[in-house]
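Everything below concerns the one structure shown next.
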Amino acid sequence: MQILHEKQVSLLTDWITGSAFAMRCLRMVRDLALPDWAIGAGFVRSLAWDRLCGYATPTPLPDIDVLFFDTADLSPKRERDGEAWLEQQWPSQGWSLRNQARMHAGNGDLPYRDTADAIANWLETPTAVAVRLEPDNRLHIIAPHGLDDLLALRVRPTLAGQRRIAAYHARMAAKNWAATWPNVVVEGPT
């Protein structure tokens, strides 16, 4: 786990708190009272890259990735129920709720210890960032690989991405982020 730099955390926190959309999403998910929850992936990455590229209009998200960690209830029903509740509160946002306590199996990893450990095993560094709104309204940033790549518009494989390099390359080709954010640089072994 990398140490997060205070200035980077402050900048990202300012961007998130300055987004009415992001704060509404965070408040709604907090109301679900999920254990060890966060919203991550494109939710944070797109917001940061939009700001870094000077976009006045946010890039639309295909979905909002809500993560939580609960070894006591691994049922997909809990995820579906949470998604249904979020959809009822704010329709057409493409809510995706996943218990990270069961996601290791599909990735061929050892069981994850918590949400941060699950995020650390995502394929690329700038996507491996999430945020939680604490009960006292403070934001908690989860970035096991740090924020350098996210803020530099740089994409590199994590260790998990290096282990699953074919999946990393397929994801990079499918995402084609440089078409949306021209300054994005995708790196990684071939």
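The values are calculated or read from the model by the stated rules, or taken from the named source; none is laboratory data. Source: prediction; values computed, not measured. A quick note on method: Cβ atoms are made from the backbone with ideal geometry, for glycine too, and the neighbour counts reach across all protein chains shown. Surface areas here come from the heavy atoms of the whole protein model, side chains and all, with no ligands, DNA or RNA. Shrake-Rupley method; radii C 1.70, N 1.55, O 1.52, S 1.80 Å.
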## Note on the structure
Of the residues LEU52, ALA22, VAL9, the Cα lying farthest along the dipole of the chain towards its positive end, which is defined by charges on the beta carbon of Lys, Arg, Asp and Glu, belongs to LEU52
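May I ask you to give the solvent-accessible area per residue for region 30-84, in square angstrom, as obtained with a 1.4 angstrom probe? Intermediate results must be reported in sequence, preceding the final value.
Numbers: 2570 Å² over 55 residues.
Result: 47 Å² per residue.
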### Query
Label points 7 Å out from Cα along the Cβ direction at ALA20 and ASP148: separation in nm?
3.8
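Quick check on the chain: what does the Kirkwood estimate of hydrodynamic radius come out to from the alpha carbon pairs, in Å? Before the final figure, lay out the partial values.
Details: mean 1/r = 0.0591 Å⁻¹.
After inverting the mean inverse Cα-Cα distance, the result is 16.9 Å.
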### Task
From largest accessible area down, sort PHE69, PHE43; use a 1.4 Å probe on the protein chains.
PHE69, PHE43
### Radius, Kirkwood style, for region 42-112 when every pair of distinct Cα atoms is counted (Å)
13.9
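Assigning unit charges at the beta carbon (Lys, Arg +1; Asp, Glu -1) and nothing else, what dipole magnitude in debye, to the nearest 20, does region 1-156 show about its Cα centre?
Values: 16 positive and 21 negative charges, 39 e Å.
Using Cβ point charges on Lys, Arg, Asp and Glu, region 1-156 gives about 180 debye.
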### For VAL186, residues with placed amide H under 5 Å, excluding near neighbours
VAL155
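Within region 135-190, what whole-number % of the accessible surface is contributed by carbon and sulfur, with the 1.4 Å probe and all protein chains included in the calculation? Don't skip to the answer; put the middle values down first.
On the way: 1600 of 3060 Å².
Heavy-atom surface of region 135-190 belonging to carbon and sulfur, 1.4 Å probe: 52 percent.
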### Task
State the percentage of accessible surface on region 1-121 attributable to carbon and sulfur atoms; use a 1.4 Å probe and exclude ligands, DNA and RNA.
53
### Query
In debye, nearest 20: dipole of region 87-190 around its Cα centre with unit charges on the Cβ of K, R (+) and D, E (-)?
280
### Query
Is region 1-71 best put as rounded, prolate or oblate by its Cα gyration tensor, with a ≥ b ≥ c the root eigenvalues, rounded for a/c under 1.5, and otherwise prolate when a/b is larger than b/c, oblate when not?
oblate
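Two decimals, Cα atoms only, Kirkwood Rh: what is Rg/Rh over region 101-174?
Working: Rg = 13.2 Å, Rh = 13.1 Å.
That ratio is 1.01, to two decimals.
How many Å² of accessible area per residue for region 92-135, probe 1.4 Å?
Details: 1650 Å² over 44 residues.
That works out to 37 Å² for each residue.
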